[in-house]
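Report on the following structure.
Bear in mind that the values in this text are calculations on the coordinates, not laboratory data. Every value quoted in this text rests on a predicted model; they were computed, and no experiment measured them. FYI the Cβ positions are ideal-geometry reconstructions off the backbone, even for glycines, and counts take in every protein chain you see.
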Amino acid sequence: MLHLRPALETLDELLATGAVGSFDFAFIDADKTSYDAYYERVLQLLHPGGLLLLDNVLWNGAVIESANTTVDTVALRALNEKIHSDARVDMVLVPFSDGIMMVRKRD
Ligand SMILES: C[S@@+](CC[C@H](N)C(=O)[O-])C[C@H]1O[C@@H](n2cnc3c(N)ncnc32)[C@H](O)[C@@H]1O
């Protein structure tokens, strides 16, 4: 089913209507400054062992250029660091294409 509207509205509605812990897989690939908000919601929607992929986490290499402080770069850099130390998940950053973050929700 397609939900064509702001993603936060869709995710919040799913959370409010009983979908917590019911998803096997999610893919985040939209506006970068909202990635963290999507991440927090998707973690609730996944069941333990569920898989999340996030696209563009290297942002063409900008995330490792400390002088790059565009809002998208800062958002992605902060989320990468957050996920790296997030005890709720296992993660690996796959460095192909523009960077794919693979996240498994822990049991
Ligand atoms: C890079 S494209 C995604 C392509 C898609 N993952 C695919 O592989 O075909 C980014 C998409 O995110 C959508 N988008 C951006 N901000 C959004 C938001 N706040 N809520 C929902 N969709 C959004 C854009 O309209 C665009 O279609």
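Measuring r between the beta carbons of Asn60 and Ser22 and using R0 = 35 Å, the FRET efficiency lands at 0.50. Legend: translational diffusion of the chain by Stokes-Einstein, Rh = Kirkwood radius over C-alpha pairs, 37 °C, 0.692 mPa s; D = 231 µm²/s. Secondary structure note: in the range 20-105, about 70% of the DSSP beta bridges are antiparallel.
Val74 to Asp12: extension gain in nm, 0.36 nm per residue of separation minus the Cα-Cα distance? Write down the numbers at each step before the final one.
Numbers: separation 62, 0.36 × 62 = 22.32 nm, distance 2.45 nm.
Extra length available between Val74 and Asp12 comes to 19.9 nm.
Reported to the nearest whole Å, the Cα centre-to-centre distance from the range 90-107 to the range 1-72 is 13. Compared with the dominant principal axis of the Cα atoms in the chain, helix 71-84 is inclined by about 70°.
Applying the criteria of a DSSP loop state and at most 16 other Cβ atoms within 10 Å to the trypsin sites (Lys or Arg not before Pro) of the range 33-100 yields Arg88.
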